[in-house]
Amino acid sequence: MKSSGFCFAFTLGSALATSAADGTNWKRVFDAWKAPCDPFRIASNVYYVGASGVSSFLIATREGHVLIDTGFEETVGVIRTNMARLGFRIEDVKLLLSSHAHMDHVGGHALMKELTGVKIVMSEADAALLASGGTNDIGPMASDQMMVYRPARADRIVRDGDSVSLGGVTLTCHLTPGHTRGATTWTMPVEEDERRVNVVFFSSLTLLEGTRLRGNPKYRTLVEDYRATFAKLRALPCDIFLAPHAGMFGMADKAARAARGERPNPFIDHTSLLKAVSAAETVVNAQLAKESSAAKLN
Ligand SMILES: [Zn+2]
């Protein structure tokens, strides 16, 4: 298998720096994220089958497969091709989970369901966002045509601590609201190098530009929820950190090192989750300080 050398992994930070209101910039960023990428095994039965900037993770089992995120509607074709290259059939995906219900991670859910009859498993709040096609979101971009997608209906609602099982694999749902109301982090143990390691499929903590934290009429408990999410993620055992954007977990670099046969597995990473939490907390605190000083001036 070729290495994923041609992946063009834009980071979410650079995307957000291009400004929320500018549809042209978002289109350029999204087009880069949709570029095809070589699939590869991450660890045990966990594979990367997504596009170069938006992740899709396949957990293969003898009774069918679990997929986390479809990316955009256009990247469902990338997933199908990547699965075939690894010897899997898209028709065998039985459960579809999500990191959070934004168009770059669930935009392909409706098409995937049409193609495979897959069961969509989601938190209640993100299921509502999915059903609205992204239009009832908390941020200022909710009504932007670039951010809406074909709606889909969830088949099963999961709550915090629920587990989802298939073919001997069990994933645990951790509600980590903030980026969306129903943002969900999934975890599962796998055997790698003859030891048990915890894989964390991180949701996102990014505070979208222009989102008001205090007194947000669309999300009254946003600050409290962010704080609780930070604490919850800091307490989560994490040996392998995976995230909905390739750039968020250093995918290209780790995949290249794995392709060279580096041991221990370069995806073993005990620091990136904690760094992601601290970085997000800094952003949230800075935004709260900005909102406080603006309030004093008024
Ligand atoms: Zn998002």
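None of the figures in this text is laboratory data; all of them are computed from the coordinates on show. The model shown is predicted, which means the values in this text are computed figures rather than measured ones. In this analysis, Cβ positions are derived from the backbone assuming ideal geometry, glycine residues included, and neighbour counts consider all displayed protein chains.
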Sites Lys232 and Asp31, calculated FRET efficiency, Cβ-Cβ separation with R0 35 Å, nearest 0.05: 0.50
Convex hull of the range 187-298 built on C-alpha atoms - directionally averaged projected area, nm²: 8.2 nm²
Difference of contour (0.36 nm per residue) and Cα-Cα distance, Glu91 to Glu224: 43.8 nm
Mean-position separation - Cα centroids, the range 227-298 and the range 42-67, in angstrom: 21 Å
Top of Val54, Val197, Val78 by mean-square fluctuation, Gaussian network on the chain, Cα under 10 Å: Val197
Contour minus Cα-Cα distance for Arg159 and Ala295 (0.36 nm per residue): 45.4 nm
Percent RCO, i.e. relative contact order, over the chain, from Cα pairs under 8 Å lying at least 6 residues apart: 16 percent
Cα-based Rg and Dmax for the range 12-297, where Dmax is the largest Cα-Cα distance (Å): 18.0, 62
Cut-off under 5 Å, modelled amide H: who pairs with Val93 long-range: His65
